[in-house]
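Remarks on the structure that follows.
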Amino acid sequence: MFPDRVAQNVDLLIGDGRIAALRNSGSASDRIDEIDLFGCMLVPGFIDVHIHGAVGVDTMEADAAGLNRISEWIATQGVTGWLPTLVPAPDADYTRAVAAIEEAMKSTTGARILGVHYEGPFVNSAQCGALRQQYFRSFVHNDSLDSLPRLANPAAVHMMTIAPEIQGGIELVDQLKRRGWIVSIGHTRAEFELLDKAVAAGAQHMTHFMNAMAPFRHRAPGPIGWGLLRDDVTCDVIADGIHLDRHALELILKSKGAERLVLISDAIAAAGLGDGDYQIWGESISVTHGRTRNSRGNIAGSVISLLDAVHTMQSLGVSEVDLSLMSSTNPAKLLGLEGECGSIAAGKGADLVALNADRKPVLVMVNGELAVSAA
């Protein structure tokens, strides 16, 4: 699977964690170890930019070992890179969570931790979704941002979901952009003019598009109408069949095109555990037939993996090339990592997934090392 086509009978030579060369099968080479993936499709590793947890581990409470358990499980689902995503919380909780992420990045097993994603706290309480409103904030001066810990690792990505209509919202976008953060718009009721200002200040993306946003109305199209119209803004979607009806997914795909869409899981700690009742974010969240619900009756994240999202989009007739765009190439571009990962090309990092005929991962490689192998 290449960025623009599906190719057959190709050998990948991997060395020092990178794709050294691509050759026609059977070409003479100095191969030392060989893995035969006949009958499989090799795709770039998936990148999940929005995930709160899995297999009983929540990113707000996890230590480094817990984060590695998430990394190991999502690797079995084809994910090779991810952003632990944090919900609005007291400063002490943020400090502990970011310290754990920092530690886990030093010795990650499974999918690589690429940085951190703050979902809030600068968002609109009228579109809180499952987030805890008592920890929402306004941006009144830089101290509001300085109090949020960031990762010391120079390679770490920092992303934040904000609502531009909060007090000081446009200044916040500007300050985040100046500090090298990726700014995404979400949990918002902003109108066109303010959203235009947010993009001019540095916002470039929209979080779980159509969810936790003011609904589209024919006389007030709001952030949904704006997002559908802006070709210079990308969007991510939760393709679980619950957050968005399949026809809504078709509408988004037709309007935005695969080149402007990113698949996310928005998975919570219950992912991978099945139906039941769970204590997450200080409240009880139930999972019934794969649908999450908190005590207020709101959907509270998902329990899918990014692989499930890929399967959903495949069921809509999306091509293999476009599936890789949405699950790998586009998230890598969003994070500014397209030179390192997100596609299969010589010189890129060897983050690869081999899918069998049932589109299940039989081999997952992270930085040229086997993370999952049933091949």
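The values are calculated or read from the model by the stated rules, or taken from the named source; none is laboratory data. Model, not experiment: these values are computed from the prediction. Cβ placement follows ideal geometry from the backbone for every residue including glycine, while neighbour counts extend to all protein chains displayed.
Brief remarks follow.
- GLY225 fulfils the conditions (1) surrounded by 23 or more Cβ atoms within 10 Å (Cβ to Cβ); (2) in a helix (DSSP H, G or I) except for a single criterion, (1).
- Single condition LEU263 does not satisfy, out of (1) touching a helix residue (DSSP H, G or I) at 6+ places or on another chain (Cβ under 8 Å); (2) closer than 25 Å to GLY66 by Cα; (3) surrounded by fewer than 16 Cβ atoms within 10 Å (Cβ to Cβ): (3)
- Any hit, region 311-326, residues being in contact with a His (Cβ under 7 Å, 6 or more places away or on another chain), crowded, with 16+ Cβ neighbours inside 10 Å, at pLDDT 95 or above and among the small types (Gly, Ala, Ser): no
- Identity of the residue in region 135-160, exposed (fewer than 12 other Cβ atoms within 10 Å of the Cβ) and outside any loop (DSSP other than H, G, I, E, B), that ends up modelled with the lowest pLDDT: ASP143
- Criterion violated by ALA212 - all others in (1) surrounded by fewer than 20 Cβ atoms within 10 Å (Cβ to Cβ); (2) in contact with a His (Cβ under 7 Å, 6 or more places away or on another chain) satisfied: (1)
- Number of positions in region 113-134 that are of a type in the set (Ser, Thr, Tyr) and either in a loop (DSSP other than H, G, I, E, B) or under 20 Å from ALA99 (Cα atoms) (or both): 1
- Test: residue in region 282-296 that is touching a Lys or Arg at 6+ places or on another chain (Cβ under 9 Å) and closer than 27 Å to LEU13 by Cβ: no
- Cβ pairs under 8 Å, 6+ apart, first in region 51-72 and over 25 Å from ALA239 (Cα atoms), second of a type in the set (A, V, I, L, M, F, W, C) and assigned to a strand (DSSP E or B): GLY66/VAL57
- Test for ALA267: is it closer than 27 Å to SER343 by Cα and small (Gly, Ala, Ser): yes
- Condition met for TRP73 (surrounded by fewer than 24 Cβ atoms within 10 Å (Cβ to Cβ), modelled with pLDDT of 95 or more and closer than 24 Å to LEU334 by Cβ): yes
- Only residues that are part of a loop (DSSP other than H, G, I, E, B) and closer than 11 Å to THR312 by Cβ were counted in region 229-245, giving 6.
- Residue within region 107-124 that is modelled with pLDDT of 95 or more, under 20 Å from ASN211 (Cα atoms) and over 21 Å from the mean Cα position of the chain (by Cα) present: yes
- Residue match in region 104-112 (condition: under 23 Å from ALA62 (Cα atoms) and either touching a Pro at 6+ places or on another chain (Cβ under 9 Å) or of a type in the set (Phe, Trp, Tyr) (or both)): yes
- Qualifying residue in region 188-196 (condition: out of contact with any Pro (no Cβ under 7 Å at 6 or more places or on another chain), among the aliphatic types (A, V, I, L, M) and in a loop (DSSP other than H, G, I, E, B)): no
- Matching entry among ALA270, ALA248 (being outside any helix (DSSP H, G or I) and within 20 Å of the chain's Cα centre (by Cα)): ALA270
- Subset of region 177-187 [of a type outside the set (Val, Ile, Thr) and either surrounded by fewer than 24 Cβ atoms within 10 Å (Cβ to Cβ) or assigned to a loop (DSSP other than H, G, I, E, B) (or both)]: LYS177, ARG178, ARG179, GLY180, TRP181, GLY186, HIS187
- Among the residues of region 4-20, just one is at pLDDT below 80, assigned to a strand (DSSP E or B) and surrounded by 12 or more Cβ atoms within 10 Å (Cβ to Cβ), namely VAL10.
- Qualifying residue in region 116-125 (condition: surrounded by fewer than 18 Cβ atoms within 10 Å (Cβ to Cβ) and touching a strand residue (DSSP E or B) at 6+ places or on another chain (Cβ under 7 Å)): no
- Selected residue (only one of SER284, SER265, SER315, SER255 is under 17 Å from the mean Cα position of the chain (by Cα) and polar (S, T, N, Q)): SER265
- Residue within region 276-290 that is within 29 Å of SER319 (Cα to Cα), touching a residue at least 12 places away in the same chain (Cβ under 8 Å) and surrounded by 24 or more Cβ atoms within 10 Å (Cβ to Cβ) present: no
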